[in-house]
Amino acid sequence: MIEDILDALGLDEVPVIGHSLGGMFALWHVATGSGRISEVIAIGEPAVALPGVRVRMPLSLLTVRGLGVAVLRSPSPHRVYRRLLAQGLGPAEVAAAPDPLIEALRLSARRPENARTVASLMHAIDRFRRPRPESVLTGAELAAITTPTIFIIGSDDPYLSIERARPSIDQIQGARLYEVPGGHAPWLADARHAAGLIATHAHLTAGPPPSRTPCVL
């Protein structure tokens, strides 16, 4: 998928910023040895890429065939949706997010095509409480990553604590871990701080890559 995106954009090599699933896809990609991604910046726990992740409610419901689509398409008032989103992203993130963004997420989740896609993806990578083993990077795969990598993880990320994430991140050559206040989407809780860390990391690699415009997943 990432190869096709970069081909369509005419990019031979590019830094990638990925939140949650986007970070996971980028890590999966560089673990294969591809050189198309020059840097990985994973914001928030990169979904289920690292060992030890818990699949929590309400995401657990989305892993069940048939039930996931029903849950996503069920009517939910704006206030109820905000509470559910806070369980997945964190209360500070939802409090900081503008109402139009919350409403766009709420309404898009109910579209039949989107609901089927999200539920299918959740079932493919996760079981009810734990990720599927094939979704989690092994120690050998983590050690094989040579792409410059930074992790920006909230101190209250609900899926994997900093303490449990650190041993896996330490297996990636030269990887850097920044703990910031917030939950699963610290870029919403403090956009300026997250942007500053990204800008700093952009200068850590020696020599300019062919494209300095990052691809966001």
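The values are calculated or read from the model by the stated rules, or taken from the named source; none is laboratory data. Being a predicted model, the structure only gives us computed values, none of them experimental. When we count neighbours, we look across all protein chains shown, and the Cβ atoms used for this are built from the backbone with ideal geometry, even at glycine. With ligands, DNA and RNA removed, areas are computed over all heavy atoms of the protein, side chains included. Shrake-Rupley method; radii C 1.70, N 1.55, O 1.52, S 1.80 Å.
Among the residues of segment 168-217, which ones are of a type in the set (S, T, N, Q), open to solvent by 90 Å² or more (accessible area, probe 1.4 Å) and modelled with pLDDT of 75 or more? First the steps, then the outcome.
Step one: list which residues in segment 168-217 are of a type in the set (S, T, N, Q), which gives 168, 171, 173, 200, 205, 211, 213.
Next, from what is left, pick out any that are open to solvent by 90 Å² or more (accessible area, probe 1.4 Å): 173, 213.
If the condition is that a residue be of a type in the set (S, T, N, Q), open to solvent by 90 Å² or more (accessible area, probe 1.4 Å) and modelled with pLDDT of 75 or more, then Gln173 is the only one that fits.
Here is a list: Glu45, Glu93, Glu3. Which entry is on the phi < 0 side of the Ramachandran plot and in contact with a strand residue (DSSP E or B) (Cβ under 7 Å, 6 or more places away or on another chain)?
On the way: Glu93 fails: in contact with a strand residue (DSSP E or B) (Cβ under 7 Å, 6 or more places away or on another chain); Glu3 fails: in contact with a strand residue (DSSP E or B) (Cβ under 7 Å, 6 or more places away or on another chain).
Unique residue meeting the criteria: Glu45.
Could you give me the residue pairs with C-beta distances under 6 Å whose first residue belongs to segment 117-131 and is in contact (Cβ under 8 Å) with a residue 12 or more places away in the chain and more than 16 Å from Leu160 (Cα to Cα), whose second residue is open to solvent by 40 Å² or more (accessible area, probe 1.4 Å) and part of a helix (DSSP H, G or I) wherever it lies, and which are 6+ apart or on separate chains?
Ala119/Val69
Being touching a strand residue (DSSP E or B) at 6+ places or on another chain (Cβ under 8 Å) and either under 24 Å from Ser76 (Cβ atoms) or open to solvent by 90 Å² or more (accessible area, probe 1.4 Å) (or both) is the filter here; which residues of segment 110-135 pass it? Reasoning before the result, please.
Residues of segment 110-135 that are touching a strand residue (DSSP E or B) at 6+ places or on another chain (Cβ under 8 Å), as a first pass: 125, 132, 135.
Of everything in segment 110-135, just one residue is touching a strand residue (DSSP E or B) at 6+ places or on another chain (Cβ under 8 Å) and either under 24 Å from Ser76 (Cβ atoms) or open to solvent by 90 Å² or more (accessible area, probe 1.4 Å) (or both), namely Ile125.
Across segment 53-95, what is the number of residues that are assigned to a helix (DSSP H, G or I) and within 13 Å of Asp157 (Cβ to Cβ)?
Looking only at segment 53-95, we keep the residues that are assigned to a helix (DSSP H, G or I), and these are 59-62, 67-73, 78-89, 91-95.
Next cut, within 13 Å of Asp157 (Cβ to Cβ) only: 87-89, 91-93.
Number satisfying all stated conditions: 6.
Could you please give the count of residues in segment 13-36 that are touching a Ser or Thr at 6+ places or on another chain (Cβ under 6 Å), part of a strand (DSSP E or B) and within 15 Å of Glu3 (Cβ to Cβ)?
Residues of segment 13-36 that are touching a Ser or Thr at 6+ places or on another chain (Cβ under 6 Å), as a first pass: 13-15, 30.
Pick out the ones that are also part of a strand (DSSP E or B) and you get 14-15.
The next check asks that each one be within 15 Å of Glu3 (Cβ to Cβ); those that pass are 14.
Here the count works out to 1.
Can you find a residue that is farther than 20 Å from Ala97 by Cα and free of Cβ contacts under 8 Å to residues at least 40 places away in the same chain anywhere in segment 41-59?
Yes, there is a match, as at least one residue in segment 41-59 is farther than 20 Å from Ala97 by Cα and free of Cβ contacts under 8 Å to residues at least 40 places away in the same chain.
Given the structure, is Thr63 modelled with pLDDT of 85 or more, in contact with an Asp or Glu (Cβ under 8 Å, 6 or more places away or on another chain) and among the polar types (S, T, N, Q)? It would help to see each step written out before you state the result.
Working: modelled with pLDDT of 85 or more: yes; in contact with an Asp or Glu (Cβ under 8 Å, 6 or more places away or on another chain): yes; among the polar types (S, T, N, Q): yes.
When the stated conditions are applied, Thr63 passes them.
Scan segment 144-166 and give yes if some residue there is of a type in the set (Lys, Arg) and more than 20 Å from His29 (Cβ to Cβ), otherwise no. First the steps, then the outcome.
Let us first name the residues in segment 144-166 that are of a type in the set (Lys, Arg), namely 164, 166.
Next cut, more than 20 Å from His29 (Cβ to Cβ) only: 164, 166.
Checked segment 144-166: at least one residue is of a type in the set (Lys, Arg) and more than 20 Å from His29 (Cβ to Cβ).
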